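Trainee: Just passing along the structure, written as structure tokens.
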Amino acid sequence: MSWNVVIGMEIHVQPRTRTKMFCGCAVGQLGDPPNSNVCEICLGMPGVLPVINKAAVEACLKTALALKCEIPIHTKFDRKNYMYPDLPKGYQISQYDLPMSVNGFLEVGGRKVRIRRVHLEEDTGKLIHAGDKLNKAWESFVDLNRAGVPLMEIVSEPDIRGADEARDYAQELRTLLRTIGASEAEMEKGQLRCEPNISIRRYDSDDLGVKTELKNINSFRALHRAIEFEIKRQIQVVESGGTVVQETRGWSESEQRTFSQRSKEFAEDYRYFPEPDLPPLQLDRAWIEDLRRELPELPGSRRARLVAQYGLPVADAALIAADRDLADLFEAAAKTSGDNKRTANWVIGEVAPSGRLPSPIHLAEIVTLVGTGKITRDQGREVLAESMRDGASPAEIVATRGLSQVSDPAAVRATVEAVLADNPKAVSDYRAGRVRVIDFLAAQIIKRAPQVDRALANELLKELLR
Amino acid sequence: MPLTRAQVRHVAQLARIGLEAGDEEFYADQLSGILEHIDRLQEVPTDDIAPTAQVVEVTNPLREDVPRPGLTQEEALANAPAPVNGFFRVPSIQEEA
């Protein structure tokens with residue numbers, strides 16, 4: 001039996017704001033003392049009034065625009081009622097029937113994943129269950145620092161066809177959010193949380209199967225594995241004559257499996273109604289157009305442009321376009337150095353892993369110094385590190401440290417010959433067929449003469465070993 | 001249509017209201033009366049009127065994203081019956097089956 005997989009994604013993203021959704025409390029950080037970023041409003045005390053955070057609305061609208069959503073003129077907030085200690089009000093302020101945006105899409109690997117809606121709501125507090133693990137926990141501790149932190153909920157249509165595409169979708173969305181500055185989208189800080197809902201159906205049928213929703217996923221890897229596990233589990237259930245139960249399942253990282261979670265309220269009965277404390281919003285068209293104009297070039301089109309304009313391989317363009325700072329650096333440095341391919345290699349291989357940013361002019365200088373053989377690649381790395389550390393220009397660093405590359409064939413040949421003379425065993429091993437020994441000999445050359453032109457030395461090494 | 005006793009019990013459970021003997025009939029009557037009244041309102045033709053979620057004539061009162069001091073941890077927990085190490089403490093909540 002062959003099965004098709006149908007996946008929809010709900011992704012919660014914390015927009016980049018300083019304060020909470022409806023009060024002036026700081027959003028705080030992981031590790032803050034419990035209940036230290038709270039006030040009467042997010043604690044749900046009687047008689048308080050929420051007021052909407054403008055920056056959260058802007059981040060949500062920018063996200064909606066970047067996802068090509070329609071933005072209605074009228075939007076409002078609603079109460080989603082449920083009793084649980086993670087929200088002391090007894091309800092979460094969310095959006096129900098008039099969300100801030102609808103009907104967009106995100107292109108993932110050439111396929112369009114439709115976006116049903118992007119709306120705003122508030123996060124809940126954190127519960128820590130205490131007590132004996134084997135028996136029932138006997139009490140829970142509540143930290144309300146997260147209660148009221150803004151969240152955008154981005155809901156896709158069930159257009160995703162497998163674990164790979166689900167991961168790619170989430171990563172593409174993260175890149176987009178970071179590029180437009182709507183969110184830092186750091187998964188490990190809980191700023192981006194994925195909840196895929198998954199069902200399977202016979203390959204020859206259009207009937208949707210029963211879906212399960214997965215929670216507790218805290219990395220792209222976990223997302224991929226959880227979905228793969230859940231697909232296998234559902235197929236096994238159905239093929240052994242059972243039926244899939246509609247439920248929420250958690251992902252256990254330690255056991256690498258999904259498990260059933262009981263729902264919060266016996267039947268989901270949230271009794272949504274319009275939030276009486278918040279007047280509806282009228283989204284001014286001029287404001288929307290201003291926000292649209294402020295959007296930077298989006299990752300998808302930048303990727304395509306880096307390929308077309310700079311002749312980069314698609315994989316390199318994807319790596320660079322995924323980070324707006326890196327992409328800006330690459331374009332500026334490539335224009336100065338005139339060497340697109342080498343500049344891209346330096347950006348991907350050296351700058352990206354360092355987590356720092358050199359000035360584009362300095363990077364271009366280093367690309368040229370190494371490219372023209374003035375200094376070695378290793379020296380180039382050192383110069384880059386130093387230039388990123390204290391902002392000194394590469395030319396100055398090269399001059400003060402007396403760096404240069406030895407490219408004179410006679411000098412290089414002398415070095416190689418000396419190394420071969422010192423390592424007769426390696427030489428005979430090589431000639432006896434153990435060709436990997438050449439790496440050892442190459443390392444000995446660099447050790448003896450760090451400034452040697454490596455390409456030339458390797459060439460001579462092969463020649464002299466023959 | 002009058003509310004059933006089961007519906008009253010469900011609503012009471014959602015609202016965390018305890019019911020005593022005889023309460024179910026009493027509230028079923030009262031709530032049915034309210035629903036009937038709403039049904040009568042439904043008869044008013046409203047096709048040409050935009051849905052109203054709010055009657056207060058204030059639009060877009062947005063707040064600038066500027067932090068302001070809230071409560072200290074001590075103040076936040078002042079009314080809590082049994083706080084521990086800066087946390088509120090509540091009876092057992094277990095979600096995993």
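The values are calculated or read from the model by the stated rules, or taken from the named source; none is laboratory data. These figures come from a predicted structure and were not determined experimentally. Ideal geometry is used to build each Cβ from the backbone, glycine not excepted, and the neighbour counts take in all protein chains shown. For the accessible areas, the whole protein counts, side chains as well, though only heavy atoms, and no ligand, DNA or RNA atoms are used. Shrake-Rupley method; radii C 1.70, N 1.55, O 1.52, S 1.80 Å.
Trainee: Taking region A:76-94 only, how many residues are under 24 Å from A:ASP290 (Cα atoms) and modelled with pLDDT of 95 or more? Break it down stepwise before answering.
Mentor: In the first step, residues of region A:76-94 are kept if they are under 24 Å from A:ASP290 (Cα atoms); the result is A:76-77.
This time we only want the ones that are modelled with pLDDT of 95 or more, so: A:77.
Number of matching residues: 1.
Trainee: I'd like the full set of residues that are open to solvent by less than 30 Å² (accessible area, probe 1.4 Å) and touching a His at 6+ places or on another chain (Cβ under 6 Å), limited to region A:156-181.
Mentor: Within region A:156-181, just A:ALA163 meets the criteria.
Trainee: Which residues, counting only those in region A:56-86, are open to solvent by 30 Å² or more (accessible area, probe 1.4 Å), assigned to a helix (DSSP H, G or I) and of a type outside the set (Lys, Arg)?
Mentor: Result: A:GLU58, single match.
Trainee: Considering only region A:260-270, I want to know if a residue exists there that is among the polar types (S, T, N, Q), open to solvent by 20 Å² or more (accessible area, probe 1.4 Å) and under 23 Å from A:ASP164 (Cβ atoms).
Mentor: Among the residues of region A:260-270, not one is among the polar types (S, T, N, Q), open to solvent by 20 Å² or more (accessible area, probe 1.4 Å) and under 23 Å from A:ASP164 (Cβ atoms), which makes the answer no.
Trainee: Can you tell me how many residues in region B:1-30 are within 14 Å of chain A (Cβ to nearest Cβ), assigned to a loop (DSSP other than H, G, I, E, B) and open to solvent by 80 Å² or more (accessible area, probe 1.4 Å)?
Mentor: So the count comes out to 2.
Trainee: Restricting to region B:38-69, name every residue that is within 25 Å of the chain's Cα centre (by Cα) and in a loop (DSSP other than H, G, I, E, B).
Mentor: Across region B:38-69, the qualifying residues are B:PRO51, B:THR52, B:ALA53, B:GLN54, B:VAL55, B:VAL56, B:GLU57, B:VAL58, B:THR59, B:ASN60, B:PRO61.
Trainee: Are any residues in region A:354-375 farther than 24 Å from A:ALA443 by Cα and part of a helix (DSSP H, G or I), and if so, which ones?
Mentor: Passing the criteria: A:SER354, A:PRO360, A:ILE361, A:HIS362, A:LEU363, A:ALA364, A:GLU365, A:THR368.
Trainee: Ok, one more. Residues A:GLU153, A:GLU195, A:GLU184: which one is in a loop (DSSP other than H, G, I, E, B), open to solvent by 10 Å² or more (accessible area, probe 1.4 Å) and either over 23 Å from A:ASP32 (Cβ atoms) or more than 11 Å from chain B (Cβ to nearest Cβ) (or both)?
Mentor: Result: A:GLU184 is the single residue among A:GLU153, A:GLU195, A:GLU184 that is in a loop (DSSP other than H, G, I, E, B), open to solvent by 10 Å² or more (accessible area, probe 1.4 Å) and either over 23 Å from A:ASP32 (Cβ atoms) or more than 11 Å from chain B (Cβ to nearest Cβ) (or both).
Trainee: Only residues in region A:238-249 that are part of a loop (DSSP other than H, G, I, E, B) count as the first member; pair them with residues that are of a type in the set (Ser, Thr, Tyr), Cβ under 7 angstrom, at least 6 apart or cross-chain, and list the lot.
Mentor: Taking only residues 6 or more apart or on different chains, the pairs are A:VAL244/A:THR212; A:GLN246/A:THR212.
Trainee: Restricted to region A:376-406, and to residues that are assigned to a loop (DSSP other than H, G, I, E, B) and surrounded by 21 or more Cβ atoms within 10 Å (Cβ to Cβ), which residue is modelled with the lowest pLDDT?
Mentor: This residue is A:GLN405.
Trainee: Could I ask something else about it? Among the candidates A:ARG257, A:ARG292, single out the residue that is in contact (Cβ under 8 Å) with a residue 24 or more places away in the chain, among the basic types (Lys, Arg) and more than 14 Å from every other protein chain (Cβ to nearest Cβ).
Mentor: That would be A:ARG292, the only listed residue that is in contact (Cβ under 8 Å) with a residue 24 or more places away in the chain, among the basic types (Lys, Arg) and more than 14 Å from every other protein chain (Cβ to nearest Cβ).
Trainee: Would you tally the residues in region A:198-235 being among the hydroxyl-bearing types (Ser, Thr, Tyr) and open to solvent by less than 30 Å² (accessible area, probe 1.4 Å)?
Mentor: Selection size over region A:198-235: 3.
Trainee: Moving on. What residue, among those in region A:271-284 that are in contact (Cβ under 8 Å) with a residue 24 or more places away in the chain and within 32 Å of the chain's Cα centre (by Cα), is nearest to the other protein chains (Cβ to nearest Cβ)?
Mentor: This residue is A:LEU281.
Trainee: At the interface with another protein chain (Cβ under 9 Å from one of its Cβ atoms) and either open to solvent by less than 30 Å² (accessible area, probe 1.4 Å) or of a type in the set (Lys, Arg) (or both): does that describe A:ASP123?
Mentor: no
Trainee: Select, from A:ASN145, A:ASN216, the only residue that is free of Cβ contacts under 8 Å to residues at least 40 places away in the same chain and either under 30 Å from B:PRO81 (Cβ atoms) or within 14 Å of chain B (Cβ to nearest Cβ) (or both).
Mentor: A:ASN216
Yes/no matrix, rows are residues, columns are (1) facing chain A (nearest Cβ under 7 Å); (2) at positive phi; (3) open to solvent by less than 40 Å² (accessible area, probe 1.4 Å):
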residue: B:GLN42; (1), (2), (3): no, no, no
residue: B:ASP48; (1), (2), (3): no, no, no
residue: B:VAL58; (1), (2), (3): yes, no, no
residue: B:LEU62; (1), (2), (3): yes, no, no
residue: B:GLN73; (1), (2), (3): yes, no, no
residue: B:ALA76; (1), (2), (3): yes, no, yes
residue: B:PRO83; (1), (2), (3): no, no, no
residue: B:SER92; (1), (2), (3): yes, no, no
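One line per residue, one yes/no per condition, for (1) within 30 Å of A:ALA322 (Cα to Cα); (2) touching a Phe, Trp or Tyr at 6+ places or on another chain (Cβ under 8 Å); (3) within 12 Å of another protein chain (Cβ to nearest Cβ); (4) of a type in the set (Phe, Trp, Tyr):
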{"position": "A:GLY8", "(1), (2), (3), (4)": "yes, no, no, no"}
{"position": "A:CYS23", "(1), (2), (3), (4)": "no, no, yes, no"}
{"position": "A:GLN29", "(1), (2), (3), (4)": "yes, no, no, no"}
{"position": "A:VAL57", "(1), (2), (3), (4)": "yes, no, yes, no"}
{"position": "A:LYS62", "(1), (2), (3), (4)": "yes, no, no, no"}
{"position": "A:LEU67", "(1), (2), (3), (4)": "yes, yes, no, no"}
{"position": "A:PRO99", "(1), (2), (3), (4)": "yes, no, no, no"}
{"position": "A:PHE105", "(1), (2), (3), (4)": "yes, no, no, yes"}
{"position": "A:GLY110", "(1), (2), (3), (4)": "yes, no, no, no"}
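Trainee: Still on this structure, please answer the following. Do we have any residue at all in region A:445-452 that's farther than 30 Å from A:SER359 by Cβ, buried (at least 16 other Cβ atoms within 10 Å of the Cβ), out of contact with any Phe, Trp or Tyr (no Cβ under 9 Å at 6 or more places or on another chain) and without any contact (Cβ under 8 Å) to a residue 60 or more places away in the chain?
Mentor: So far as region A:445-452 goes, yes, one or more of its residues are farther than 30 Å from A:SER359 by Cβ, buried (at least 16 other Cβ atoms within 10 Å of the Cβ), out of contact with any Phe, Trp or Tyr (no Cβ under 9 Å at 6 or more places or on another chain) and without any contact (Cβ under 8 Å) to a residue 60 or more places away in the chain.
Trainee: Moving to a separate point now. Can you pull out every residue in region A:305-325 that is within 16 Å of A:GLU172 (Cα to Cα) and open to solvent by less than 60 Å² (accessible area, probe 1.4 Å)?
Mentor: Answer for region A:305-325, where residues must be within 16 Å of A:GLU172 (Cα to Cα) and open to solvent by less than 60 Å² (accessible area, probe 1.4 Å): A:ASP316, A:ALA317, A:ALA318, A:ILE320, A:ALA321, A:ALA322, A:ASP323.
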